[in-house]
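Beneath this line is the structure, given in structure tokens, with notes to follow.
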Amino acid sequence: QKEVEQNSGPLSVPEGAIASLNCTYSDQGSQSFFWYRQYSGKSPELIMFIYSNGDKEDGRFTAQLNKASQYVSLLIRDSQPSDSATYLCAVRGNGGSQGNLIFGKGTKLSVKP
Amino acid sequence: GAVVSQHPSWVICKSGTSVKIECRSLDFQATTMFWYRQFPKQSLMLMATSNEGSKATYEQGVEKDKFLINHASLTLSTLTVTSAHPEDSSFYICSAQDYRSTDTQYFGPGTRLTVL
């Protein structure tokens, strides 16, 4: 059973701080990793994807991947109240580009003004 | 770019009726579309994978005769919930995979179904 694990939270950080969201996955053959943000009552929206070990930065967001540890994280710098949402980690297995995404249950982030 | 629409955004129906939900990729061609269901405070659950021109692949436990999926073109997939019952009330979300960037799925805004 391929699994993606996330701490459900809520993770509470003050405005302006760095929010760190973590995700582990069980399938060692996983190739692609995604972070989605989902506001309450809305559908997920893609924030970032990462394929290679290391860091990938996009604006205030940095995705970090460590395949040896089967660990992927998302850092949000200068957190804003508008970042308050549930963040979903998704992993595509070794079925190539046609493999299904496996989603974690999400981490709820709350940014306090 | 990479916009996915769904229609309707919400629907209320009586028990026993059928409801059709459309999912369209507006600015790209999607060889594969996915249908998810999400109950309140629950994670996304993949229901089925829809490939253009072929039969959908359903996840274990999802009744293919109850949830009819048609993917007739590269920009349109439909999900029909047949003989809907109150337990089918949920948030149904589609996603489309851009064939130019086959690793990325883009989600539609979702359809909230309430069965009375």
Residue that is more than 17 Å from B:T104 (Cβ to Cβ), at pLDDT 95 or above and among the acidic types (D, E), where the choices are B:E63, B:E22
B:E22
Within region A:64-113, strands (runs of 3 or more DSSP E) holding 1 or more residues that are modelled with pLDDT of 95 or more and of a type in the set (S, T, N, Q):
A:71-76, A:85-92, A:107-112
Is it fair to say B:V81 is in contact with a Cys (Cβ under 8 Å, 6 or more places away or on another chain) and in contact (Cβ under 8 Å) with a residue 24 or more places away in the chain?
no
Any chance B:V62 is β-branched (V, I, T) and free of Cβ contacts under 8 Å to residues at least 60 places away in the same chain:
yes
Would you point out the residue of region A:80-101, among those that are crowded, with 20+ Cβ neighbours inside 10 Å and of a type outside the set (S, T, Y), that is farthest from the other protein chains (Cβ to nearest Cβ)?
A:A85
Breaking point among (1) among the hydrophobic types (A, V, I, L, M, F, W, C); (2) over 13 Å from the mean Cα position of the chain (by Cα); (3) farther than 21 Å from A:G41 by Cβ, for B:F39:
(3)
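The rows are residues; the columns are (1) more than 12 Å from the chain's Cα centre (by Cα); (2) charged (D, E, K, R); (3) buried (at least 18 other Cβ atoms within 10 Å of the Cβ).
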site	(1), (2), (3)
A:E5	no, yes, no
A:L21	no, no, yes
A:K42	yes, yes, no
A:K67	yes, yes, no
A:D78	yes, yes, no
Can you tell me which of A:E57, A:E45 is closer than 21 Å to B:T104 by Cα and modelled with pLDDT of 95 or more?
A:E57
Working carefully through the options B:Q6, B:Q29, find the one that is touching a helix residue (DSSP H, G or I) at 6+ places or on another chain (Cβ under 7 Å), in contact (Cβ under 8 Å) with a residue 40 or more places away in the chain and not small (G, A, S).
B:Q29
Any residue in region B:68-87 that is surrounded by 15 or more Cβ atoms within 10 Å (Cβ to Cβ), at pLDDT below 90, of a type in the set (S, T, Y) and farther than 14 Å from A:N100 by Cα?
no
Looking only at region A:22-63, which residues are in a strand (DSSP E or B), within 14 Å of chain B (Cβ to nearest Cβ), closer than 22 Å to A:K112 by Cβ and touching a Lys or Arg at 6+ places or on another chain (Cβ under 9 Å)?
A:I47
Touching a Pro at 6+ places or on another chain (Cβ under 7 Å) and surrounded by fewer than 17 Cβ atoms within 10 Å (Cβ to Cβ), is that true of A:S110?
yes
Tell me which residues, restricted to region A:9-19, are modelled with pLDDT under 95 and surrounded by 14 or more Cβ atoms within 10 Å (Cβ to Cβ).
A:G9
Just to check your reading of the model, which residue among A:Q38, A:Q31 is within 22 Å of B:A96 (Cα to Cα) and touching a helix residue (DSSP H, G or I) at 6+ places or on another chain (Cβ under 8 Å)?
A:Q31
Quick test for you: out of B:D103, B:D65, B:D27, pick the one residue that is among the acidic types (D, E), under 21 Å from A:S43 (Cα atoms), surrounded by fewer than 21 Cβ atoms within 10 Å (Cβ to Cβ) and more than 14 Å from chain A (Cβ to nearest Cβ).
B:D27
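The values are calculated or read from the model by the stated rules, or taken from the named source; none is laboratory data. Because the structure is predicted, anything quoted here is derived from the model rather than measured. Quick reminder, even Gly has a Cβ in these numbers, built from the backbone with ideal geometry, and neighbours come from all protein chains shown.
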